[in-house]
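**Student:** Please read through the structure below; I'll follow up with questions.
The values are calculated or read from the model by the stated rules, or taken from the named source; none is laboratory data. Quick caveat: nothing in here was measured; it's all calculated off a predicted structure. Cβ sites come from the backbone with ideal geometry, for glycine too, and all protein chains shown count toward neighbours. The protein model used for the area step is the full one, side chains on, heavy atoms only, and it has no ligands, DNA or RNA in it. Shrake-Rupley method; radii C 1.70, N 1.55, O 1.52, S 1.80 Å.
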Amino acid sequence: MITNTASQPLQSNRVADAYGANIGANANSKTEQLAKNVVTDSTSKKQADTAKSDDIKLSPRAQRAEKIKLMAEDFFSNGQFGLDDLPKLVSRLKKDGILSDSQVDRLAQAGIKADTKVTNKTELSSFIKQQSATIAKENPKSPLLDMLSEADKVLKNMEDSHSPVLSQRATRVTAQLADYLKSHPDMPQEVKSQWQGLHSVMKVASSMGSNQQASGQLSSYLALARR
C-alpha cells in the first residue's frame, strides 16, 4: 500500500508532463501553421495583384494606346514631321495594328499609301506657321486661321490620337481642308501638294480614333461575311 501510494504522485507528474508536452507541441504546431497561412495569404495576394496588374497592361486598349504613344514619340515629338514621313507613318500604323486592313485600303484609295515614294520634305509645322502668317496679313479674320490652328493642335497631340476628341478634331479639319482644296483648283502645284499633304496627315489622324478603329473592324467583318 505504501509503495502504491508513493508511486501515484510520480505517475501523476509524468501524466501532467506528458500533457504539458503535448499542449506545448500543439501550440507550436498551431503557431507554425498560422505563420504558414499568413505567408500563403500574403503570397496569394501578391500573385493576385500581379495578375491584376498584368491584365491591365495587356488589355487591348492599353496596348493600342502605348503603341500610339511610341509612334508619336518617333514621328512627332520634335515637331519635324515632313511630307516624306507620311508613307513611313502609314506603314508603321499598319504594322502595329493601329489601323485595320480596311482602313489602310481606304487610305490607299485616297492616295495615301505606305509604299509611296515622297521627295517633298516640307515640315508641316513650318508650313502651318508660314501659311498662317501669310493669311493673317491678307485677312486677319479668315476662317483658314482657325483651321490651321486646329491642324497644329492635332500634330502636337498625336499621342492622344486614339481619343475621340482628337479624332473628331482631325476629322473636322480633314473635311475643311478637302473643301479648301476643291475651291482652289488653280493654286501652284508645289503649294497644293503641301496642302494635300496636310490633308492626308489629318485623314490618317482621324482614322486612328478608337471609334474609327471599331468602324474599320466592322467593315472588315462585313466584307468577310459577303464572301
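**Student:** On the given criteria, is Val165 among the aliphatic types (A, V, I, L, M), at pLDDT below 95 and out of contact with any helix residue (DSSP H, G or I) (no Cβ under 9 Å at 6 or more places or on another chain)? Break it down stepwise before answering.
**Tutor:** Numbers: among the aliphatic types (A, V, I, L, M): yes; at pLDDT below 95: yes; out of contact with any helix residue (DSSP H, G or I) (no Cβ under 9 Å at 6 or more places or on another chain): yes.
Against the criterion (among the aliphatic types (A, V, I, L, M), at pLDDT below 95 and out of contact with any helix residue (DSSP H, G or I) (no Cβ under 9 Å at 6 or more places or on another chain)), Val165 qualifies.
**Student:** Which one of these is in contact (Cβ under 8 Å) with a residue 12 or more places away in the chain and among the hydrophobic types (A, V, I, L, M, F, W, C): Met187, Met158? Give the derivation first.
**Tutor:** Details: Met187 fails: in contact (Cβ under 8 Å) with a residue 12 or more places away in the chain.
Within the list Met187, Met158, the selection yields Met158.
**Student:** Follow-up. How many of the residues making up the stretch 68-84 are open to solvent by less than 80 Å² (accessible area, probe 1.4 Å), assigned to a helix (DSSP H, G or I) and touching a residue at least 24 places away in the same chain (Cβ under 8 Å)?
**Tutor:** Final tally of qualifying residues: 6.
**Student:** Considering each residue of the stretch 146-184, count those that are open to solvent by 60 Å² or more (accessible area, probe 1.4 Å) and touching a Phe, Trp or Tyr at 6+ places or on another chain (Cβ under 6 Å), and give that number.
**Tutor:** Going through the stretch 146-184 one residue at a time, the tally reaches 0.
To keep it simple, each residue is scored yes or no on (1) open to solvent by 40 Å² or more (accessible area, probe 1.4 Å); (2) under 20 Å from Ala178 (Cα atoms); (3) out of contact with any strand residue (DSSP E or B) (no Cβ under 8 Å at 6 or more places or on another chain).
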{"position": "Val104", "(1), (2), (3)": "no, yes, yes"}
{"position": "Lys113", "(1), (2), (3)": "yes, yes, yes"}
{"position": "Val118", "(1), (2), (3)": "yes, no, yes"}
{"position": "Lys121", "(1), (2), (3)": "yes, no, no"}
{"position": "Ile135", "(1), (2), (3)": "no, yes, yes"}
{"position": "Glu138", "(1), (2), (3)": "yes, no, yes"}
{"position": "Leu144", "(1), (2), (3)": "no, yes, yes"}
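**Student:** Restricted to the stretch 116-149, and to residues that are free of Cβ contacts under 8 Å to residues at least 24 places away in the same chain and within 28 Å of the chain's Cα centre (by Cα), which residue is farthest from Lys203 (Cα to Cα)?
**Tutor:** Ranking the qualifying residues of the stretch 116-149, first place goes to Ser126.
**Student:** Within the stretch 116-161, how many residues turn out to be assigned to a helix (DSSP H, G or I) and polar (S, T, N, Q)?
**Tutor:** Going residue by residue through the stretch 116-161, those that are assigned to a helix (DSSP H, G or I) are 124-138, 143-156, 158-160.
Imposing the further condition that a residue be polar (S, T, N, Q) reduces the set to 125-126, 130-132, 134, 149.
Residues in the stretch 116-161 being assigned to a helix (DSSP H, G or I) and polar (S, T, N, Q): 7 in total.
**Student:** Right, something else. Of the residues Gly97, Gly111, which single one is in contact with a Lys or Arg (Cβ under 9 Å, 6 or more places away or on another chain) and touching a residue at least 24 places away in the same chain (Cβ under 8 Å)?
**Tutor:** The match here is Gly97.
**Student:** Exactly one condition in (1) polar (S, T, N, Q); (2) closer than 16 Å to Leu198 by Cβ; (3) at pLDDT below 95 is false for Gln109; which is it?
**Tutor:** Answer for Gln109: the failing condition is (2).
**Student:** Before we move on, is Ser220 open to solvent by less than 60 Å² (accessible area, probe 1.4 Å), among the hydroxyl-bearing types (Ser, Thr, Tyr), under 20 Å from Asp85 (Cα atoms) and at pLDDT below 95?
**Tutor:** no
**Student:** Working only within the stretch 154-176, note down all residues that are among the basic types (Lys, Arg) and over 16 Å from Lys69 (Cα atoms).
**Tutor:** Scanning the stretch 154-176 gives Arg169, Arg172.
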